[in-house]
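Take a look at the structure below.
The values are calculated or read from the model by the stated rules, or taken from the named source; none is laboratory data. No experiment lies behind these values; they were computed from the predicted model shown. Here Cβ is always computed from backbone atoms with ideal geometry, including for glycine, and neighbour counts include all displayed protein chains. Calculation scope for accessible area: heavy atoms of the full protein, side chains included, ligands and nucleic acids excluded. Shrake-Rupley method; radii C 1.70, N 1.55, O 1.52, S 1.80 Å.
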Amino acid sequence: MKWPFIMTLSLVFLLILTSCAETSTLEKIGMITTVGYDKGEGEKINTTTLILETDPQSMDSTNVISSRSLTSKGARIESNLKSPKKLESGQLRVALYGEDVAKDGLINLADTLSRDHSISDLTFLAIVEGSAGDLLKHKYPQFSDAGQYVYKEIEQNIRGEVIPSPTLHEMLHDYYSIGVDPLLPLLKLEDDMINITGMALLKGDKMVGRISPSDSFYVKLVSDRFKAGSFEITFKNGEKEPLMPSLPPSTDIAIALDTIRSKSKIELIDSASLDFDLNIHINARLQEINRDIDLKENKNLDLIEKKLSKKITKEIDQLIQYSQSKQSDVFGFGEEYRTKESHSDLTDEKWHDMYKDINVKVNTEFVIIRTGVVE
């Protein structure tokens, strides 16, 4: 008789506890998908929040709420006061920072996201040229959800290996690691479209410079391995060993490459003089060329490989020098130094000061694995 009584009593308690629990149905919560931060008056932050609309009768797929506060958590409280639904951040996919915020430093805002257990470490971070709020509030003729627009644009460019991945986890890893600095995409609202205009160089958590989309290819080439991707590169015909002797040396020759495979290695050669070797090996398919060149001739392919190696070496040299002028080591030379000089008591401040004086010898080996379409 005791067993049925215990089971009945347990069911009663279970029903009581269930009735006391707070329900979080879709009809009662507002799911935040995208958030943007801009500088406000004084020390306040202007926060723009995109909320996924779950009401099937709603004309819009998202709602936008703007708020001002000294902290992002304070902005959440103020946004809740303006919302008919309780706001939840578990579906946050993108966090945008206005350029003015990024130049002042964004670590407090990024670190706050990481402390929220409901927010994924895979949330994308990006910097907006101008106002993040204006970009999110803008009505796009072809896209009803600005947040999904930004998310899918960043995601497909990561998959295509056009830009390095800018997740919350990766940004914080680079920020807290000594000897490497974060790199985030730059977005801009242009003609009812959101364009990725390049990448922002960060020194610590502050934006100090910007590079073009083609330069971001080189950053990824140095700091990561390519497994796919495509790229277009242009070089001059040249006076010495011209590829097309009948054309002037200044003639541009454009080549499209795909199926890129690469590996790179940074090596500290001399810690006293801060000499580094950077060795890069690239295999790629020549997909298209804009000149009438006979690619069946091995000597032409050999010359193209030689010119591509020279051009890529020059471009990477210039990019490293630019990053040195900004004291932003997005390549990770400092990590190699710290590994080899484990007793150097290296700090971010010390490495940023040393970085501008490093010497890097870039060695590039380019191999065309096969040819494709020729225009």
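Looking at S165, is it under 21 Å from L92 (Cβ atoms), small (G, A, S) and in contact with a helix residue (DSSP H, G or I) (Cβ under 9 Å, 6 or more places away or on another chain)?
Against the criterion (under 21 Å from L92 (Cβ atoms), small (G, A, S) and in contact with a helix residue (DSSP H, G or I) (Cβ under 9 Å, 6 or more places away or on another chain)), S165 qualifies.
Here's the yes/no breakdown for (1) open to solvent by less than 50 Å² (accessible area, probe 1.4 Å); (2) more than 30 Å from E232 (Cβ to Cβ); (3) over 17 Å from the mean Cα position of the chain (by Cα); (4) of a type in the set (S, T, N, Q):
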{"site": "A102", "(1), (2), (3), (4)": "yes, no, no, no"}
{"site": "T112", "(1), (2), (3), (4)": "yes, yes, yes, yes"}
{"site": "L122", "(1), (2), (3), (4)": "no, no, no, no"}
{"site": "Y149", "(1), (2), (3), (4)": "yes, no, no, no"}
{"site": "H169", "(1), (2), (3), (4)": "no, yes, no, no"}
{"site": "P185", "(1), (2), (3), (4)": "yes, no, no, no"}
{"site": "M199", "(1), (2), (3), (4)": "yes, no, no, no"}
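Which one is nearest to N46 (Cα to Cα) among residues in segment 89-100 that are open to solvent by 40 Å² or more (accessible area, probe 1.4 Å) and either out of contact with any Ser or Thr (no Cβ under 7 Å at 6 or more places or on another chain) or of a type in the set (K, R) (or both)?
D100
Quick test for you: out of D292, D317, pick the one residue that is farther than 25 Å from S216 by Cα and acidic (D, E).
Of the residues listed, the single one that is farther than 25 Å from S216 by Cα and acidic (D, E) is D292.
Give the number of residues within segment 90-122 that are closer than 13 Å to G36 by Cβ and β-branched (V, I, T).
2
Is segment 98-116 home to any residue that is part of a strand (DSSP E or B) and either touching a Cys at 6+ places or on another chain (Cβ under 7 Å) or within 20 Å of K137 (Cα to Cα) (or both)?
Yes, some residue in segment 98-116 is part of a strand (DSSP E or B) and either touching a Cys at 6+ places or on another chain (Cβ under 7 Å) or within 20 Å of K137 (Cα to Cα) (or both).
Filter segment 281-327 for residues that are modelled with pLDDT of 95 or more and not in a helix (DSSP H, G or I) and give the result.
K326, Q327
Give the residues of segment 173-213 that are of a type in the set (G, A, S) and in contact (Cβ under 8 Å) with a residue 60 or more places away in the chain, sorted by residue number.
Of everything in segment 173-213, those that are of a type in the set (G, A, S) and in contact (Cβ under 8 Å) with a residue 60 or more places away in the chain turn out to be S177, G179, A200, G204, G209.
Residue by residue, here is whether (1) modelled with pLDDT under 95; (2) open to solvent by less than 50 Å² (accessible area, probe 1.4 Å) holds:
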{"position": "Q142", "(1), (2)": "yes, no"}
{"position": "R159", "(1), (2)": "yes, no"}
{"position": "V162", "(1), (2)": "yes, no"}
{"position": "K188", "(1), (2)": "no, no"}
{"position": "M193", "(1), (2)": "yes, no"}
{"position": "K203", "(1), (2)": "no, no"}
{"position": "S212", "(1), (2)": "yes, yes"}
{"position": "S216", "(1), (2)": "yes, yes"}
{"position": "F226", "(1), (2)": "yes, yes"}
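What's the total number of residues in segment 234-280 that are in a loop (DSSP other than H, G, I, E, B) and either closer than 17 Å to M354 by Cβ or open to solvent by less than 50 Å² (accessible area, probe 1.4 Å) (or both)?
Qualifying residue count, segment 234-280: 10.
Across segment 322-349, what is the number of residues that are open to solvent by 40 Å² or more (accessible area, probe 1.4 Å) and either touching a strand residue (DSSP E or B) at 6+ places or on another chain (Cβ under 7 Å) or under 19 Å from K206 (Cα atoms) (or both)?
Number of matching residues: 8.
Test K296 against the criterion of being open to solvent by 50 Å² or more (accessible area, probe 1.4 Å) and touching a His at 6+ places or on another chain (Cβ under 8 Å), and give yes or no.
So K296 does not fit the description; no.
Considering only segment 310-321, I want to know if a residue exists there that is within 27 Å of the chain's Cα centre (by Cα), open to solvent by 70 Å² or more (accessible area, probe 1.4 Å) and not basic (K, R).
yes
With respect to S264, determine if the residue is in contact with a Ser or Thr (Cβ under 6 Å, 6 or more places away or on another chain) and touching a residue at least 12 places away in the same chain (Cβ under 8 Å).
No.
So, in segment 238-259, how many residues would count as being at pLDDT below 90 and of a type in the set (S, T, N, Q)?
Number of matching residues: 2.
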